[in-house]
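Have a look at the structure below before the remarks.
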Amino acid sequence: MSQPDANVYYVPHKSRWPIIATIGMFLFMLGAANWLNGHDIAGQVILAVGALTIIGMMFGWFGNVIRESMKGNFNSQVDTSFRMGMTWFIFSEVFFFAAFFGGLFYVRTFVVPWLGGVGDKGVLTNDYIWQGFSAAWPTNGPEAIGGAFTATGPWGIPLINTLLLLSSSITLTIAHHALRAGDRKRLIGFLGLTILLGATFLGLQVHEYWDSYVHLNMTLHSGIYGATFYILTGFHGLHVTLGTIMLIVMWLRCARGHFDREHHFAFEAVAWYWHFVDVIWLCLFLFVYIL
Amino acid sequence: MSSTAQAIHHEEHRQSFFERWFMSTNHKDIGTLYLLFSFLMLFVGGGFAMLIRAELFEPGLQLMQPYFFNELTSMHGLVMIFGVIMPAFVGLANWMIPLQIGAPDMALPRLNNLSFWILPFAFALLLSTFFMPGGAPAAGWTMYPPLVLEGGSSIAFMIFAIHLMGISSILGSINIIATILNLRAPGLDLLKMPMFCWSWLITSFLVIAVMPVLAGAVTMMLFDRFFGTNFFNAAGGGDPVMYQHVFWFFGHPEVYIMILPAFGIISEVVPTFSRKPLFGYKAMVYATASIAFLSFIVWSHHMFTVGLPLGAEVFFMYSTMLIAVPTGVKVFNWVTTMWRGSLSFEVPMLWAIAFIVLFTIGGFSGVMMALVPADFQYNQTYFIVAHFHYVLVGGALFGIIAGVYYWLPKWSGHMYSNFWSKLHFWSSVISVNVLFFPQHFLGLAGMPRRMPDYNVAFADWNMVSSIGGFWFGATQLIFVGVVIHCVFFSKQKATARVWDHAYGLEWTLPSPPPHHSFTLPPVIDDSQLAHGDTSH
């Protein structure tokens with residue numbers, strides 16, 4: 001197995017996976033749109049075919065890259081390209097969440113006080129449309145859409161979840177140090193622990209949703225509070241789910257001995273992603289639950 | 001070294017049509033796909049524009065129902081922005097950035113193929129809405145709720161199409177950033193790069209920062225429509241204006257996404273045909289960066305009349321007018337580059353000069369609208385339509401066409417017809433002014449945009465504008481002919497340098513360049529940089 005030469009550029013082989021990926025994404029979206037428009041069966045079938053195509057594509061494409069990487073095809077320049085790709089992908093994710101956080105801040109700073117009669121704009125709405133609505137947070141608006149509800153407090157499950165995610169970041173870092181020290185046992189143990197912590201977080205989150213829906217009447221329909229709460233925690237939960245799946249893949253790859261002390265970018269990329277998800281949660285805990 | 005070098009070379013031979021175009025990892029082939037796709041979409045979006053101008057030829061309803069007219073204006077905007085201007089720039093980036101920085105290809109070639117192939121599917125979803133119950137989206141390309149939520153089946157398709165376009169452009173931009181930062185030939189410092197690379201480096205950053213925000217905005221819309229949330233419903237404590245804020249936080253940087261790469265192209269073309277170094281290269285780089293920064297803090301100038309607090313109106317008015325400073329730097333630098341140069345007026349230079357003039361007109365009307373009190377008059381009239389068509393047609397599209405005429409001989413290895421390309425230019429530059437300049441008068445006189453019918457007082461200028469529109473549309477068929485002739489039939493071979501004062505790495509390769517541009521890093525000669533600035 002010859003080492004790649006750093007002075008020669010590397011261009012990967014042709015691949016059928018990108019076009020399969022686009023077909024999968026197209027079918028997924030087409031199915032989802034049909035389902036939303038009331039074509040239930042057709043929509044679900046197309047969506048499922050799309051989802052399976054995407055999953056199959058991931059196995060195929062990533063497996064292909066892993067094989068190339070194990071053959072030692074990638075030089076340090078390719079490695080840097082991968083790192084930049086992941087960095088800027090996470091950067092784009094930050095802005096995706098920023099849209100929802102921005103919406104939350106805008107609503108809480110401007111919209112709800114205006115509806116409550118503050119400022120030039122507020123006076124009109126409050127006098128002519130919703131007389132006597134007093135601004136407070138949480139709120140489901142002047143027409144109390146979704147009916148009376150109770151918001152979850154921060155100091156129960158959300159606090160436990162914060163501790164779970166924070167400790168999962170620590171266990172992941174310990175696993176990374178173990179990988180760099182060449183300590184397989186410790187690596188697999190702590191990576192497994194990280195997965196468990198992530199899965200527990202998800203379980204508790206599901207429980208919290210169930211509790212909110214069944215006991216607190218706090219649903220997606222609960223005005224602006226329910227909307228911002230569920231879109232932020234929901235997309236975060238989706239990211240934790242993806243992160244956990246990625247960690248499981250890393251665990252399997254560690255168990256198979258894919259990584260050595262120097263070459264384990266896939267592991268690092270997943271770790272970056274996990275820490276990013278962790279930071280988003282801290283913002284959620286502060287801005288959605290506490291404040 | 002042998003195994004990798006072979007890996008690079010062995011794929012050049014014997015590939016089927018399907019392999020070459022659908023499984024490609026080649027930046028040139030993918031760049032060609034992008035350019036062809038946007039060319040096709042130019043005629044789709046242009047077809048919508050022709051129908052719009054046909055309806056507006058005379059007052060009264062002639063050809064279509066008002067709702068269909070609204071579908072056309074909305075889809076015209078979406079197709080032209082996401083299907084023409086953006087993919088054309090990405091196509092040019094694909095072709096030129098590896099050539100300009102001495103790289104073999106893009107940094108992530110498979111991702112590159114993915115970014116392209118998402119687009120045809122996204123537009124299949126979007127354009128299919130014309131055939132659905134309730135028709136295509138008809139609330140304008142800005143898709144403001146609550147109006148857009150009144151649409152039929154199209155909403156879900158439109159939202160998912162936007163998601164796909166967003167994924168495509170984010171992945172494309174990640175690739176461009178990684179290519180520029182990681183694959184530059186040794187010795188090609190950032191401040192030795194051609195302006196086109198600089199403009200795309202900064203544009204990619206904008207794309208990655210704002211396309212996810214658009215995805216967020218339309219996702220909230222999806223939830224409001226289908227899952228009973230109240231983001232944009234004041235009765236539930238939400239606010240329809242919140243959509244406008246989130247949308248324009250994307251939308252304003254988007255405006256610069258559609259013009260900065262054109263600035264880059266013009267900054268390549270003008271020095272070549274002025275036979276002088278680019279005036280103030282570093283100032284150009286800093287100006288591009290400041291425009292990008294400012295683009296994040298001006299978004300509410302699209303919403304002056306929606307009922308913003310006075311403090312917001314004043315802040316966004318001043319921040320908007322600030323943009324005129326770095327933009328002015330650029331315009332003055334192009335003019336100063338030409339000053340006392342030994343100018344020659346080859347076709348790319350003609351388009352570049354037209355760009356400078358028309359973009360400046362559009363820029364000035366932009367400054368007019370930045371003034372809040374004045375904007376109350378211009379808002380929702382044909383004045384704004386004239387403004388953004390001057391910057392997007394006279395600016396972005398003319399920039400793209402200048403780039404195509406500048407680099408087409410490099411891509412194809414052949415020269416295009418001088419006569420027909422000049423006819424294309426003169427016909428375009430006259431008709432585009434016949435088309436859009438009267439719209440200023442119409443807008444100032446009070447003609448509203450997005451209306452199929454109008455007061456008879458506006459009849460004359462509308463007819464003039466429509467004639468200009470048909471003329472401009474028909475003229476673009478010449479472009480198709482010029483490109484097809486150049487690629488397939490032209491007998492006149494292009495030299496490696498093509499233009500006698502063209503510098504930069506792309507001109508050191510033969511025309512057309514080899515399948516993988518540079519297999520070994522080229523040596524950088526500081527006296528041969530594209531911008532000619534040797535002071536760093």
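Just so you know, all these numbers are worked out from the coordinates, no wet-lab data involved. Worth saying up front: this structure is predicted, and the values here are computed from it rather than measured. All Cβ positions, glycine included, derive from the backbone under ideal geometry; neighbour counts span all protein chains shown.
Restricting the trypsin sites (Lys or Arg not before Pro) of the stretch B:281-383 to loop positions (DSSP other than H, G, I, E, B) with no more than 14 neighbouring Cβ atoms within 10 Å leaves B:Arg340.
Taking Cα atoms only, the orientation of helix B:66-78 departs from the longest principal axis of chain B by about 30 degrees. Between 0 and 90 degrees, the angle of helix B:27-55 with respect to the longest Cα principal axis of chain B falls at about 30 degrees. Could you tell me whether the stretch B:33-528 comes out rounded, prolate or oblate from its Cα gyration tensor? Rule is a ≥ b ≥ c as square roots of the eigenvalues, rounded for a/c under 1.5, then prolate if a/b exceeds b/c, otherwise oblate. Cα axes put the stretch B:33-528 in the prolate bin. Dividing the helix sum by the residues of chain B, where each DSSP H run of 4 or more adds -39500 (n - 2.57), gives a mean residue ellipticity at 222 nm of -21000 deg cm²/dmol. Quick check on the protein assembly as shown: take the gyration tensor over C-alpha atoms, sort the square-rooted eigenvalues as a ≥ b ≥ c, and tell me if it's rounded (a/c under 1.5), prolate or oblate. Oblate shape, in that a/c is at least 1.5 and b/c is the bigger or equal ratio. Rounded, prolate or oblate: which fits the stretch A:184-268, taking a ≥ b ≥ c as square roots of the Cα gyration tensor eigenvalues, rounded meaning a/c under 1.5, else prolate when a/b beats b/c? Because a/c hits 1.5 or more and a/b exceeds b/c, the stretch A:184-268 counts as prolate. By how many degrees, 0 to 90 and rounded to 10, does the Cα axis of helix A:76-106 deviate from the longest principal axis of chain A? Computed tilt is about 10 degrees. With contributions of -39500 (n - 2.57) from each DSSP H run of at least four residues, the per-residue ellipticity at 222 nm computed over chain A stands at -24000 deg cm²/dmol. For the stretch A:1-74, the relative contact order comes to 37 percent (Cα pairs under 8 Å, sequence separation of at least 6).
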